[in-house]
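Working notes, beginning with the structure itself.
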Amino acid sequence: RQAGAAIQNARSFAAQTAQATQLRAINKISRAFATIRDPYSLMNEAVRLIREHFGYSVVTIFTTLPEDDRLALKTQAGLEHGDDLLGMTLRIGEQGIVGHAAAILQPVLSNDVLTDPHYMRTAHTEHIRSEIAVPLLRESVLLGVLDIESPQLNAFSQDDLDVLTTVADQLAVALENADLFVQERKRRTELALILEASQAANSSLVLDDVIQHVAEGIADAIGLPSCVIYLYDEEGDRLLPSAFVAREGSLLDTA
C-alpha cells in the first residue's frame, strides 16, 4: 500500500511539474508574440520558440491565400532543406492533414500518418510518423494552420493537442494584431506621402511642375515604380502623356 501510494504521488508530482513547465513555456511564448509587429518575423519566431520550448521535431506554419482556397507554407523549423518547400501550397480540404484541418476548422491529431487517408507524403517528410495540425482562427475566420510533426509513432497526446491549441489561439491573435499594425502603418505612410505631394503641387503655379509633383507623390504613396499623368487635349479629343515617373523596376517605355 505504501509503495502504491508513493508511485501515485510520484506520478502526480511528475504531471504537475510537466503542467507547470508547459504553462511557463506558454507564458514565455505569449509574451514574445506580443512584442513582434511584423507578421513574417512573428511566424519565424513562433516556429523557433514552439520547437525550442516543447521539444517538437518539426514545426511549420501555413497561411491562407486570400485569392484562392489554398494554404501556403510560410515558415518552418526542423526540416532538413525545408526552406526549399517555402511557398508550397496545399488545397484546403483536398491535400494533407493540414488541408483537412483547415477544411473542418478543427485540430487534427494523427499518431500514425501512414494509416491516415489525409496524409500527403513528400520527399522531405518521408520520415514523419505522427502529426498535429491546428487551425489558426479569429472569430471562425481561417488565418492559417500550425502544424507539428514527429518521426516517432504515437508521439503526441491529448495534452500536446491542448497546449498547441492554446498556443495557436495566441498566435492567431498576434498575427491579426501584426497585420492590423502593418495596415495602419501603411495607411499613415500613404497619407503622409499624399499630403507631401499635395503641398509640393500647391507650391508651384507652373502646370508641368504641378503634375510632375503629383505623379511622383502617387508613385510614392502606392509604392509602384511607374506613374503617368495624361492631360486631355480638347482640340484633338485625345489624352497626352504630360508627366511620368519611371523608377528602377519600371516596365514603362518612356520613349
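The values are calculated or read from the model by the stated rules, or taken from the named source; none is laboratory data. Remember, predicted model here, so these are calculated numbers, not experimental data. As a convention, Cβ positions derive from the backbone with ideal geometry for all residues, glycine included, and neighbour counts pool all protein chains shown. The protein model used for the area step is the full one, side chains on, heavy atoms only, and it has no ligands, DNA or RNA in it. Shrake-Rupley method; radii C 1.70, N 1.55, O 1.52, S 1.80 Å.
Based on the Cβ-Cβ distance from residue 232 to residue 185, what FRET efficiency comes out when R0 is 30 Å, to the nearest 0.05? Mind dumping the intermediate values first?
On the way: r = 36 Å, r/R0 = 1.21.
About 0.25, to the nearest 0.05.
Out of (1) 26.4, 107; (2) 22.9, 77; (3) 17.9, 66, which label holds the value of Rg and Dmax of the Cα atoms in Å that was computed here?
Entry (1).
Residue 195 to residue 169: FRET efficiency via 1/(1 + (r/R0)^6), r the Cβ-Cβ distance, R0 41 Å, to the nearest 0.05?
On the way: r = 39 Å, r/R0 = 0.96.
That pair, residue 195 with residue 169, gives E of 0.55.
Subtracting the Cα-Cα distance from 0.36 nm times the residue separation, let me have the gained length for residue 1 to residue 72 in nm, one decimal.
Numbers: separation 71, 0.36 × 71 = 25.56 nm, distance 5.62 nm.
Taking residue 1 through residue 72 to full extension adds about 19.9 nm, to one decimal.
Share of the chain's accessible area from carbon and sulfur, percent, 1.4 Å? It would help to have the intermediate numbers written out before the result.
Details: 7780 of 15120 Å².
Carbon and sulfur: 51 percent of the exposed surface of the chain.
Could you work out which residue, out of 170, 106, 158, moves most in a Gaussian network model of the chain, that is, has the largest mean-square fluctuation with Cα springs under 10 Å?
Top of the fluctuation ranking is 158.
Full-extension gain between residue 159 and residue 239, please, as 0.36 nm times their residue separation minus the C-alpha to C-alpha distance.
Additional length available on full extension: 22.0 nm.
How far is helix 158-202 tilted off the main Cα axis of the chain, in degrees rounded to 10, range 0 to 90?
For helix 158-202, the angle is close to 10 degrees.
Over what distance in Å are the Cα centres of segment 35-77 and segment 119-175 separated?
Cα centroid of segment 35-77 versus Cα centroid of segment 119-175: 10 Å apart.
Residue by residue through segment 232-242, what is 3J(HN,Hα) from phi via Karplus (6.51 cos²θ - 1.76 cosθ + 1.60, θ = phi - 60°)? Round to whole Hz and write x for glycine and proline.
For segment 232-242, the Karplus curve yields 7, 9, 5, 5, x, 6, 8, 9, 10, x, 10 Hz.
With a probe of 1.4 Å, find how much accessible area segment 114-170 has per residue, and write the answer as a whole number in Å². It would help to have the intermediate numbers written out before the result.
Values: 2740 Å² over 57 residues.
Normalised by residue count, the accessible surface of segment 114-170 is 48 Å².
Specify the residue with the greatest mean-square fluctuation among 233, 84, 68, computed from a Gaussian network of the chain linking alpha-carbon atoms under 10 Å apart.
Its mean-square fluctuation being the largest, the pick is 233.
Relative contact order for segment 118-255 using alpha-carbon pairs under 8 Å, separation at least 6, rounded to a whole percent?
Details: 157 pairs, mean separation 19.2, N = 138.
Here the relative contact order equals 14 percent.
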